[in-house]
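Colleague: One structure, pasted below without further comment.
A short reminder: the numbers here are calculations on the coordinates, not readings from a lab. What you see is a predicted model, and the numbers here were worked out from it, not measured in a lab. Virtual Cβ from ideal backbone geometry, glycine too; neighbours counted across all protein chains shown.
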Amino acid sequence: MIISFFEEFPTKENLKKVNLIKFPSKLYFAAPSMKTFLDIKKKVSNKNIKEVVYWPTLKKQEGYWISPFSSTKALVRIFSELKTKKIPVMLDLEFPINRLHILKRIFLFHKNKKMIFDFIKSYRGKIYTAEYFYSRKGFLSPTLKNKRIKMLYCSFHHFSNKFIKETAKKAIIGLGIITEGIDHHHLILPPQRLKSELELLKKEEEVIIFRLGGLNKKYLKVIQESAF
């Protein structure tokens, strides 16, 4: 199994955690531009890292995450810089961090939705989409060539083992959270719960943990005990 990590804040301190990874892994780094991402990627030197994925984020006032309620100009900016590239990309398909932007930009819904779907269909590189656990064929959940990631964060919601296993048949599972993100949730997944989830998903090709910055000796111990 590949134990991968999201990193929403690839700071110098968080990037040091890459040195703790002694097993096959992939990294999904958030960055406001491709140039910033490539600069971050250069700082990663670990033979266990199989792939480094660009996770584009917008300014908070633009929506932060990618959705039909994001700023159209911001979507054009992100997609234009990727037009001729082939680097692995992950679109984080979530509602705007400021929910008022849903009302503010509701008239852009169809235009932005088409832009997002057209990008996924035409992009020449590998593309992942991170989605809510309840998304099916809605506007945030395209079923095109994208590899789907389902965020099953048990620190926020209760998911039965059956639901987790069934979801894993259709998507890569996102686990967590082991430290907070931009929305400052304080419910952290205990190491023993992470261990049980990893054991449940042991036969899967990949799982992704949110996020790298929370990796410590306790989490490393349960990863080693349950996944290998």
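Colleague: List pairs: first residue in the stretch 77-103 and among the polar types (S, T, N, Q), second residue exposed (fewer than 15 other Cβ atoms within 10 Å of the Cβ) anywhere in the structure, Cβ distance under 9 angstrom, at least six positions apart or on different chains.
Modeller: Partner pairs satisfying both residue conditions: 84/124; 98/60; 98/61; 98/104.
Colleague: Could you please find all residues in the stretch 86-109 being among the charged types (D, E, K, R) and either under 15 Å from residue 66 (Cβ atoms) or part of a helix (DSSP H, G or I) (or both)?
Modeller: Within the stretch 86-109, 92, 94, 104, 105 qualify.
Colleague: What are the residue pairs meeting all of these: first residue in the stretch 182-199, first residue farther than 14 Å from residue 221 by Cβ, second residue surrounded by 14 or more Cβ atoms within 10 Å (Cβ to Cβ) and among the hydroxyl-bearing types (Ser, Thr, Tyr), Cβ atoms under 6 Å, and 6 or more apart or on different chains?
Modeller: Final answer for the pair search is 187/155; 188/155; 189/155.
Colleague: I've got another one for you. Please determine whether any residue of the stretch 186-195 is in a helix (DSSP H, G or I), among the polar types (S, T, N, Q) and closer than 29 Å to residue 89 by Cβ.
Modeller: Checked the stretch 186-195: no residue is in a helix (DSSP H, G or I), among the polar types (S, T, N, Q) and closer than 29 Å to residue 89 by Cβ.
Yes/no matrix, rows are residues, columns are (1) buried (at least 18 other Cβ atoms within 10 Å of the Cβ); (2) touching a Pro at 6+ places or on another chain (Cβ under 7 Å); (3) of a type in the set (A, V, I, L, M):
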residue	(1), (2), (3)
6	yes, no, no
27	yes, no, yes
35	no, no, no
47	no, no, no
55	yes, no, no
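Colleague: Kindly provide the set of residues from the stretch 203-228 that are of a type in the set (Lys, Arg), outside any helix (DSSP H, G or I) and over 20 Å from the mean Cα position of the chain (by Cα), ordered by number.
Modeller: 203, the sole residue that qualifies.
Colleague: Pick from the stretch 64-73 the residues that are in contact with an Asp or Glu (Cβ under 9 Å, 6 or more places away or on another chain) and of a type outside the set (A, V, I, L, M, F, W, C): which of them is surrounded by the fewest Cβ atoms within 10 Å (Cβ to Cβ)?
Modeller: Only one residue tops the list, namely 73.
Colleague: Same structure again: Could you go through the stretch 21-38 and let me know if any residue there is within 15 Å of residue 220 (Cβ to Cβ) and within 17 Å of the chain's Cα centre (by Cα).
Modeller: yes
Colleague: Would you please name the residue that is farthest from the chain's Cα centre (by Cα), looking only at residues in the stretch 1-14 that are of a type outside the set (S, T, N, Q) and in a loop (DSSP other than H, G, I, E, B)?
Modeller: 1
Colleague: Of (1) closer than 20 Å to residue 9 by Cα; (2) in a loop (DSSP other than H, G, I, E, B), residue 55 satisfies all except one. Which?
Modeller: Residue 55 satisfies all of (1) closer than 20 Å to residue 9 by Cα; (2) in a loop (DSSP other than H, G, I, E, B) except (2).
Colleague: Would you please list the contacts, defined by Cβ atoms under 7 Å and residues six or more apart or on different chains, that run from a residue in the stretch 146-163 that is without any contact (Cβ under 8 Å) to a residue 60 or more places away in the chain to a residue that is assigned to a helix (DSSP H, G or I) and surrounded by 14 or more Cβ atoms within 10 Å (Cβ to Cβ)?
Modeller: Short answer, once both residue conditions are applied: 146/120; 150/167; 152/164; 152/167; 154/193; 154/197; 161/200.
Colleague: Looking at the structure I just gave you, is residue 17 among the basic types (Lys, Arg) and part of a loop (DSSP other than H, G, I, E, B)?
Modeller: no
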